[in-house]
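Each remark here refers to the structure printed beneath this line.
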Amino acid sequence: MKKLLFTLLLAANMANADEVLHVYNWNNYIAPETVKRFEADCKCRVVQDYYGAMEEMLAKLSAGAKGYDVVVPTGFAMPPLIKQGMVQPLDKSKLANVKNVNPVFLNSQFDPGNKFSLPYSFTTTLLGFNQTKLKELGVESNSWALIFDTAILAKIKGKVTVLDDANELFAASLMYNGFSANSTNPAEWKKAQETIIKAKPFWAAFNSQSYIKELTLGNIWVAHGYSSDMFQAAADAKTVKRAFTVSYGLQKEGNTLSVDNMMMLKSAPRPDLALKFINFMMEGKNSSELTNMVGTGNPNSAAAPFVNAEIKKNTAVFPDEAALKKLQQLKPLDAKQRRDLGRLWTQVKTSK
């Protein structure tokens, strides 16, 4: 009898050992409690591997890396995966929770009809700021004028940083000037460049690396950057009990949007577990836990009741209808457009 019991237990353990889902994702991009709950639900293990940039992920998969079931690319990285046949269509009949996704985040330019992908989370590019200092100065934070209007900048000279990123900074300047963030009109690009060059003397630096720290320390008062970074800066300032409050929000002229999406690889060893995982992550509570952990925007309407109240009221995380209409995903530029923008960017960086 004991021998039979041992044999049954061994067989069960061996079966469970084969129940493994492999996820290729950004680091720190799924809450640990969510993973544990999925493992209990599917009676399987989740093994995660991480990348630090989309280029790294694309290069690894293009080189023939196998063994992954689910990958979580940003919008612009999806067309190469689809074109190279590295992902497979999603069986929507097994994804009942797709009903929870806000329709605004479906049917993007990168995967029309969502044949291969479903949205996971998003970040916006916006302004983070020292709310206490801006209030003292009587300066509004809800417009790109905060980093482009020289009359406003005169009050905060040397206390502003902007991203060292041509695409993002030109997009912000284009929107400030009333144009589309995706404009490639040479005259509109030139106007955006002029706006940037006029504002540049008032900025402390082009900074894509340390603006979280600088905001938290109070060394800068305004930073152009990513919403999840601003969430971290606000939390850090609160944790160390700074005498000021760091906050962040969308701009009235519009903001750029980066959506990360769940896709199933064509070579997935366990497509059944992959579909279960994708469906599980679209359940409201499960989706909310990433937002509560790192402050990412949430494309899942059913997540709202489970998100911390302070996070939920920030339209950078849960944009209202008006804000949603003004969020734009940046389209990839062709080779000539990249050269033209590169030339304008060089002129910006070398200007006095």
Report task. Considering the options LEU61, SER183, ALA322, tell which one lies farthest towards the positive end of the dipole of the chain, charges being +1 on Lys and Arg and -1 on Asp and Glu at the Cβ, about the Cα centre. Result -> SER183
**Report entry** Counted charge near TYR211, where neighbours are those whose Cβ lies closer than 13 Å (Asp, Glu -1; Lys, Arg +1)
**Finding:** -4
Query raised in the report: Using a Gaussian network model of the chain with C-alpha springs under 10 Å, which one of ALA243, ALA181, ALA77 is most mobile by mean-square fluctuation?
Result: ALA243
Report summary line: With +1 on the Cβ of every Lys and Arg and -1 on the Cβ of every Asp and Glu, the dipole magnitude of segment 168-217 about its Cα centre, in debye rounded to the nearest 20, is 120
Query raised in the report: Considering only DSSP states other than H, G, I, E and B, which trypsin sites (Lys or Arg not before Pro) in segment 46-96 qualify as loop sites with at most 12 other Cβ atoms within 10 Å?
Result: LYS66
Query raised in the report: Using +1 on the beta carbon of Lys and Arg, -1 on that of Asp and Glu, and nothing else charged, what's the dipole of segment 168-270 about the Cα centre, debye to 20?
Result: 160
Query raised in the report: Relative contact order for the chain using alpha-carbon pairs under 8 Å, separation at least 6, rounded to a whole percent?
Result: 25
Query raised in the report: Under 5 Å between amide H atoms, partner at least 5 residues away or on a different chain: which partners does ASN102 have, H built in plane at 1.01 Å?
Result: ASN300, SER301
Query raised in the report: At a probe size of 1.4 Å, how large is the accessible area of VAL71, to the nearest 10 Å²?
Result: 0
Report task. Can you pull a Stokes-Einstein diffusion coefficient for segment 259-352 at 25 °C (0.890 mPa s), Rh from Kirkwood over Cα pairs, as a whole number of µm²/s? Result -> 147
Requested in this report: Provide the net charge surrounding PRO186, with neighbours chosen by a C-beta distance below 12 Å and charges set as Lys +1, Arg +1, Asp -1, Glu -1.
Outcome: +2
Report summary line: To the nearest 20 debye, the chain has a Cα-centred charge dipole, built from +1 on Lys and Arg Cβ and -1 on Asp and Glu Cβ, of 260
Query raised in the report: When the Debye formula is applied to the Cα atoms of segment 278-325, each taken as the same point scatterer, what base-10 log of I(q)/I(0) results at q = 0.20, 0.28, 0.32, 0.33 Å⁻¹?
Result: -0.58, -1.03, -1.23, -1.28
Query raised in the report: If you project the alpha carbons of the chain onto the principal axes, what extent comes out on each, in Å, largest first?
Result: 85, 49, 33
Report task. Round to the nearest 10 and report in Å² the accessible area of SER93, as given by a 1.4 Å probe over the protein chains' heavy atoms. Result -> 100
Query raised in the report: If you take the charge dipole of the chain about its Cα centre, with +1 on Lys and Arg Cβ and -1 on Asp and Glu Cβ, which of ALA166, ASN97, PHE122 is farthest toward its positive end?
Result: ALA166
**Report entry** Listed residue (MET86, SER141, ASN28) projecting farthest to the positive dipole end of segment 14-142, Cβ model
**Finding:** MET86
Requested in this report: With a 1.4 Å probe and every protein chain kept in, tell me what percent of the accessible surface of the chain is carbon plus sulfur.
Outcome: 55
Query raised in the report: Which net charge results when you count Lys and Arg as +1 and Asp and Glu as -1 among the other residues whose beta-carbon is under 12 Å from that of VAL87?
Result: +1
Report task. Using just the helices of the chain, give the 222 nm mean residue ellipticity in deg cm²/dmol: DSSP H runs with n ≥ 4 each add -39,500 (n - 2.57), and the total is spread over all residues, rounded to 500. Result -> -12000 deg cm²/dmol
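The values are calculated or read from the model by the stated rules, or taken from the named source; none is laboratory data. Bear in mind the structure is a predicted one, so any value in this text is a computation, not a measurement. No Cβ is skipped: glycine too gets one built from the backbone with ideal geometry, and neighbour counts run over all protein chains shown. Surface areas here come from the heavy atoms of the whole protein model, side chains and all, with no ligands, DNA or RNA. Shrake-Rupley method; radii C 1.70, N 1.55, O 1.52, S 1.80 Å.
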